[in-house]
Amino acid sequence: MVLLRTFPKRYTLIAACFCASFICYIDRVNMSVAAIPMAEEFGWSETVKGLVLSSFFVGYLAMQVAGGWLAHRLGGKIVLGCAVVWWSVFTILTPVAAAISLTALLIARIALGLGEAAAFPASFALFSKWVPPTERSRATSILLSGAPLGTMAALLTTGWVIARLGWPAIFYLFGGLGLVWAAFWFWRIFEQPSAHPGISQHELQLLQGEQSKDQAHAAVPWGALLSSKPVWALIINHFCTNWTSYVLLAWLPSYFRHAYGLSIINAGIYSAAPWLTMFFMMNAAGWFADHLIKRGISSLAARKLMQTTGLLGAAVFLLLAMDVATAFEAMFLMCGALGLLACTYAGFAPNVLEIAPRHAGILSGITNTTATIPGIIGVTVTGWLVDVTGTYVSAFALAAALCVFAAVVWLTYATTRPVIT
């Protein structure tokens, strides 16, 4: 009991946001595996499958900035809690929508995206109040590492559940998990550190500076944000990083299934390994970046090192993956690509809190909006390229080229100084 009373309350909030990120991704990734038997049942082509997979991102893109603005005005707690309830309900409704028609399924996937759009802007809005500067890399890495861990969990469990209970069951199980999380969230999480009844005086003093940044009714400096070169460097890097991650998120199960003839279960297992690698590397990179800063390395040098290492390393592994003979070799190279790409989450991701500390939720919504476009275009284009060429070579080459481009932009224009106050 003493341990529970002295445990820093910001860690509970970070852990709860991590769990929301985890649930966010199991609810979107399950379709990557479920789409295989669904395509066989409903007679979808690869292009139609790509449309189903990418439809989620239409809603996800549309609500990003609005989600950040709502978190800025109403608070991250209420926005994130309601968002999880919303998307969990539409996860549960997915099998019903699929049984009605393809159009109904697309609407349900878009609605799912509308809810999930608020997850990261609301979390960053809370982090701006609850996370001190010396912990930003680790906190954002923990939050965002829920994505690869949720992806891995979905890939490992979805095939198994489908084989035993049928594909609709996975949507009922994962949707129910989100509703359980929401009950804990509204019970134990507080918007402001000062409102938490169990917070220690030491932690409250540590976070006092972060609270002073919160001005829910302050005007958002849209012009200053959108005319800043560092902001555009952040936007471009988030876009290019997400192009690789979203393409692999949506297509790895189909890649292992069709390129190497694996079963649905084995395709899920082989697809999960790269995301497990990304999970560990993301948290290691966050710790390493904070360690460098504590040792006297400038935050800008740390961000540039992590971002360029991640992007260029991922590009190398994607190019190597263009010509492999076995599923094991392909899995190893995908582990390398996503493992190194994980370093970028200690590069561009904490930068939101650095260049716009009082408007982190808003800026997160802006960057997530453009970074969602690859989920629509990249995922759809990949399906089209596979239909046209019969291989994934051109898709990997395109992703690698975007990684190199983003690294050049980041080295040229990134900063860690606040661009707005």
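Would you mention how many residues in segment 378-409 are in a helix (DSSP H, G or I) and in contact with a Phe, Trp or Tyr (Cβ under 7 Å, 6 or more places away or on another chain)?
Residues in segment 378-409 being in a helix (DSSP H, G or I) and in contact with a Phe, Trp or Tyr (Cβ under 7 Å, 6 or more places away or on another chain): 6 in total.
How do the pairs read when you match residues in segment 237-252 that are farther than 20 Å from VAL386 by Cβ with residues anywhere that are among the aromatic types (Phe, Trp, Tyr), using Cβ under 9 Å and keeping only pairs 6 or more apart or on different chains?
Cβ pairs passing all conditions: ASN237/PHE348; ASN237/TRP410; HIS238/PHE348; CYS240/PHE405; THR241/TYR345; THR241/PHE348.
Does at least one position in segment 394-411 carry a residue that is more than 21 Å from VAL231 (Cβ to Cβ), out of contact with any helix residue (DSSP H, G or I) (no Cβ under 9 Å at 6 or more places or on another chain) and surrounded by fewer than 23 Cβ atoms within 10 Å (Cβ to Cβ)? Walk me through it before giving the result.
Taking segment 394-411 as the starting set, the residues that turn out to be more than 21 Å from VAL231 (Cβ to Cβ) are 394-401, 404.
Remaining after also requiring out of contact with any helix residue (DSSP H, G or I) (no Cβ under 9 Å at 6 or more places or on another chain): none.
No, every residue in segment 394-411 fails to be more than 21 Å from VAL231 (Cβ to Cβ), out of contact with any helix residue (DSSP H, G or I) (no Cβ under 9 Å at 6 or more places or on another chain) and surrounded by fewer than 23 Cβ atoms within 10 Å (Cβ to Cβ).
Kindly check whether there is at least one residue in segment 37-47 that is at pLDDT 90 or above, surrounded by fewer than 24 Cβ atoms within 10 Å (Cβ to Cβ), among the aliphatic types (A, V, I, L, M) and closer than 17 Å to HIS196 by Cβ.
no
Where residues in segment 302-314 are buried (at least 22 other Cβ atoms within 10 Å of the Cβ) and of a type in the set (A, V, I, L, M, F, W, C), which of them is nearest to PHE239 (Cα to Cα)?
Applying the filter and picking the extreme gives LEU311.
Applying the selection to segment 323-355, what residues are of a type in the set (Phe, Trp, Tyr) and closer than 20 Å to ALA400 by Cα?
PHE332, TYR345, PHE348
Which of the following residues is touching a helix residue (DSSP H, G or I) at 6+ places or on another chain (Cβ under 9 Å), in a helix (DSSP H, G or I) and crowded, with 24+ Cβ neighbours inside 10 Å: GLY336, GLY375? Can you show your working first?
Values: GLY336 fails: crowded, with 24+ Cβ neighbours inside 10 Å.
Step by step, each of GLY336, GLY375 is checked, and only GLY375 is touching a helix residue (DSSP H, G or I) at 6+ places or on another chain (Cβ under 9 Å), in a helix (DSSP H, G or I) and crowded, with 24+ Cβ neighbours inside 10 Å.
Tell me which residues, restricted to segment 180-204, are β-branched (Val, Ile, Thr) and either more than 30 Å from VAL89 (Cα to Cα) or in contact with a Pro (Cβ under 8 Å, 6 or more places away or on another chain) (or both).
Kept after step one, since they are β-branched (Val, Ile, Thr), are these residues of segment 180-204: 180, 189, 199.
Result: ILE199, single match.
Are there any helices (runs of 4 or more DSSP H) wholly within segment 211-301 with 2 or more residues that are surrounded by 16 or more Cβ atoms within 10 Å (Cβ to Cβ) and more than 20 Å from the chain's Cα centre (by Cα), and if so which? Quick ask: steps written out before the conclusion?
On the way: elements: 222-226, 229-260, 264-294.
Those helices (runs of 4 or more DSSP H) span 229-260, 264-294.
Rundown of residues vs (1) of a type in the set (Gly, Ala, Ser); (2) farther than 30 Å from LEU206 by Cα; (3) free of Cβ contacts under 8 Å to residues at least 24 places away in the same chain, yes/no style:
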{"site": "CYS17", "(1), (2), (3)": "no, no, no"}
{"site": "SER54", "(1), (2), (3)": "yes, yes, no"}
{"site": "PHE57", "(1), (2), (3)": "no, yes, no"}
{"site": "TYR60", "(1), (2), (3)": "no, yes, no"}
{"site": "LEU80", "(1), (2), (3)": "no, no, no"}
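The values are calculated or read from the model by the stated rules, or taken from the named source; none is laboratory data. For clarity, every value in this text was computed on a predicted model and none was experimentally measured. Heads up, the Cβs are rebuilt from the backbone with ideal geometry, glycines too, and the neighbour counts pull from every protein chain shown.
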